[in-house]
Structure formats: structure tokens, C-alpha cells
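**Student:** My structure is below; once you've seen it, I'll send some questions.
The values are calculated or read from the model by the stated rules, or taken from the named source; none is laboratory data. Computed from a predicted model, the values in this text were never measured in an experiment. Heads up, the Cβs are rebuilt from the backbone with ideal geometry, glycines too, and the neighbour counts pull from every protein chain shown.
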Amino acid sequence: MLRHLKDPVERGKIKGYLQSKDIDYASIFIASTTMSLNVNGKTLSEIAQRQGVDVEDALLNIVEKGGSEVLVFERNLDQKQVESLLAHALGIIATDGAGFALKGRESLVHPRCFGSMPKFLSLVLKNNLCSIEQAIKKMTSMPAEKVGLSHRGSLKVDNYADIVVFNKDINSKANFSNPFQQASGIDLVLVNGHKALVNGELTQKLSGRVLRKHL
């Protein structure tokens, strides 16, 4: 690939192909590159303007010089379609976002890592996607049952006490340019019965455990 990008003829063909597609390259957001290019947190439009080239050339420059991995965020979802899926009776709310510290990272992560569930609850409260009871079920007992986690996902005697207490102001603050932000509206978090967060402050109590499916 790098050999093709360095060949003016082949690079021209690749650029022509990119231009033939109906894709909004300008809004693609660079999260991280293996090589330091000082492009993290910028859109291709901003990078192209800084380099004095069009967005297709900016994209190829990053692919060529960014190292073994270039991570991007792309806004390509239809909000009405997303809300329809969220509201469906069979819809389960989950995320593959991992946990990260609030500080100490140069590269960006997806906002889902800090705000998936608060964002969903905010949509439910503002847009009446479903009842709040159904919304909570979608995030708790339904996924626990689906993946086979016993004694999790519902408030019952002998179940593990994983509890979040939130208020009507719950929402995600995380965004593409600054994902490292705690959500608003969360008053208390219990993990296995121990306080993990109180009034927005972490207690440093590490009471979590790896959850495994029981076959």
C-alpha cells in the first residue's frame, strides 16, 4: 500500500476512486495515529486546510505517514433510525467501550466509553422513546440474561448489588474532541454492594470483578 501511495500514477488512481464515492471525508475525525503527526482531535477538513491540500490528499497523507494504525471517528448514523432501534421492544442497550482514566492519554477514545448509558437515558427522558422502566430493563436484566450472567441485572434477594442512582439531569458530557468527561446526573454507584462513586466523586474502592458466562 505504501509503495502505491508513493507512486504518482497509482496515487492518482486511488485519489480518483475516493473522489468518485459519495462520502463526506471532510468530517472524518482523527482520534489517533501510531506515528506522531499532531492531527489527533482534528477533522480531515481542518488537516487539509493546514496542509494546503484537498481532503482526499489529506486522507492519503495520513494513511501514508500515520504508521501502522490510524483510528478515526465518522458521523454516519441516521438519528431517527437509531432512536427507532433503541425504542424497539427487542432492543438491548450495550457497548463495547472500555474503561479509561480521565487524564493521561494523548490519543482519543470514542465517547461511548464515558457516556453510552447516560446518553440513552437522556434520550428516553427527552424524546419518550419508551418508559423509564423499560429503558432500565434494556440496560440491565435483558443484556444479563442474553449473555448468561447469573445473579446480575435485577434487584433481587441474593443478587449482586450493582446499582446506579441517577436524577433527571442525567446525560453524557463526552464528545469526539473531549471524551474524557464523566456524565452528569449520577448521584451514586454501587459495585458489588460497595460505593464506587458518590456525588460525582470516585471513592477509589475497587470492588469490581471480571464477569464470565455460566454455561
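**Student:** How many residues are under 30 Å from residue 29 (Cβ atoms) and in a strand (DSSP E or B) when one looks only at the stretch 152-208? Let's see the steps before the verdict.
**Tutor:** So in the stretch 152-208, the residues under 30 Å from residue 29 (Cβ atoms) come out as 164, 166, 169-186, 189, 197, 200, 202.
Next, from what is left, pick out any that are in a strand (DSSP E or B): 164, 166, 169-171, 184-186, 189, 197, 202.
Looking only at that region, the number is 11.
**Student:** Here's something else I'd like to know. Is there any pair linking a residue in the stretch 66-82 that is on the phi > 0 side of the Ramachandran plot to one that is surrounded by 11 or more Cβ atoms within 10 Å (Cβ to Cβ), with Cβ under 7 Å and at least six apart or on different chains, and which?
**Tutor:** Between residues of the stretch 66-82 that are on the phi > 0 side of the Ramachandran plot and residues that are surrounded by 11 or more Cβ atoms within 10 Å (Cβ to Cβ), the close pairs are 67/33; 67/34; 67/35.
**Student:** May I pose another question? Would you mind stating whether residue 161 is exposed (fewer than 15 other Cβ atoms within 10 Å of the Cβ), among the hydrophobic types (A, V, I, L, M, F, W, C) and over 30 Å from residue 32 (Cβ atoms)?
**Tutor:** Against the criterion (exposed (fewer than 15 other Cβ atoms within 10 Å of the Cβ), among the hydrophobic types (A, V, I, L, M, F, W, C) and over 30 Å from residue 32 (Cβ atoms)), residue 161 qualifies.
**Student:** Turning to a different aspect of this structure: Counting only residues that are surrounded by fewer than 16 Cβ atoms within 10 Å (Cβ to Cβ) and modelled with pLDDT under 95, which one in the stretch 134-150 is farthest from the chain's Cα centre (by Cα)? Quick ask: steps written out before the conclusion?
**Tutor:** Keep residues of the stretch 134-150 that are surrounded by fewer than 16 Cβ atoms within 10 Å (Cβ to Cβ), which gives 134, 145-148, 150.
Then keep just the ones that are modelled with pLDDT under 95; that gives 145-148, 150.
Values: 145: 23, 146: 22, 147: 21, 148: 24, 150: 27 Å.
That would be 150.
**Student:** Consider residue 64 against the criteria (1) under 30 Å from residue 137 (Cα atoms); (2) surrounded by 13 or more Cβ atoms within 10 Å (Cβ to Cβ): it satisfies all of them except one. Which criterion is unmet?
**Tutor:** For residue 64, the failing item is (1).
**Student:** Take the residues of the stretch 55-95 that are outside any loop (DSSP other than H, G, I, E, B) and of a type in the set (Lys, Arg): which is farthest from residue 111 (Cα to Cα)?
**Tutor:** If we filter the stretch 55-95 for residues that are outside any loop (DSSP other than H, G, I, E, B), which is where we start, we get 55-65, 70-73, 79-87.
Okay, now just the ones that are also of a type in the set (Lys, Arg), so 65, 80.
On the way: 65: 26, 80: 20 Å.
Among residues in the stretch 55-95 that are outside any loop (DSSP other than H, G, I, E, B) and of a type in the set (Lys, Arg), the one farthest from residue 111 (Cα to Cα) is 65.
**Student:** Next question. Might you let me know whether the stretch 183-203 holds any residue that is closer than 21 Å to residue 124 by Cα, basic (Lys, Arg) and at pLDDT 90 or above? Steps first, please.
**Tutor:** Step one: list which residues in the stretch 183-203 are closer than 21 Å to residue 124 by Cα, which gives 183-189.
Remaining after also requiring basic (Lys, Arg): none.
No: zero hits.
**Student:** Of the residues that sit in the stretch 1-54 and are acidic (Asp, Glu) and in a loop (DSSP other than H, G, I, E, B), which one is farthest from the chain's Cα centre (by Cα)? Step through it out loud before you land on a result.
**Tutor:** First pass over the stretch 1-54, keeping only residues acidic (Asp, Glu): 7, 10, 22, 24, 46, 54.
Remaining after also requiring in a loop (DSSP other than H, G, I, E, B): 7, 22, 24, 54.
Working: 7: 36, 22: 25, 24: 20, 54: 28 Å.
The extreme case among them is 7.
**Student:** Continuing with this model, one more query. I need the full set of residues from the stretch 90-120 which are surrounded by 13 or more Cβ atoms within 10 Å (Cβ to Cβ), hydrophobic (A, V, I, L, M, F, W, C) and more than 15 Å from the chain's Cα centre (by Cα), in order please.
**Tutor:** Selection gives 92 alone.
**Student:** Oh, and also: Of everything in the stretch 25-50, what is of a type outside the set (A, V, I, L, M) and loosely packed, with under 14 Cβ neighbours inside 10 Å? Give them in sequence order.
**Tutor:** Going residue by residue through the stretch 25-50, those that are of a type outside the set (A, V, I, L, M) are 25, 27, 29, 32-34, 36, 38, 40-43, 45-46, 49-50.
Matches in the stretch 25-50: 34, 36, 38, 50.
**Student:** Let me ask something else. Taking the stretch 31-65, which residues are in contact (Cβ under 8 Å) with a residue 24 or more places away in the chain and in contact with an Asp or Glu (Cβ under 8 Å, 6 or more places away or on another chain)?
**Tutor:** 32, 33, 34, 40, listed by residue number.
**Student:** Follow-up. Would you confirm, using the coordinates I've provided, whether residue 167 is polar (S, T, N, Q), under 23 Å from residue 198 (Cβ atoms) and surrounded by 14 or more Cβ atoms within 10 Å (Cβ to Cβ)? Before the answer, list the steps.
**Tutor:** Working: polar (S, T, N, Q): yes; under 23 Å from residue 198 (Cβ atoms): yes; surrounded by 14 or more Cβ atoms within 10 Å (Cβ to Cβ): no.
Answer is no for this residue.
**Student:** Right, something else. Quick test of your reading of the structure: residue 97 fulfils all but one of (1) in the same structural domain as residue 146 (by TED's automatic domain parsing); (2) out of contact with any helix residue (DSSP H, G or I) (no Cβ under 8 Å at 6 or more places or on another chain). Name the failing condition by number.
**Tutor:** (2)
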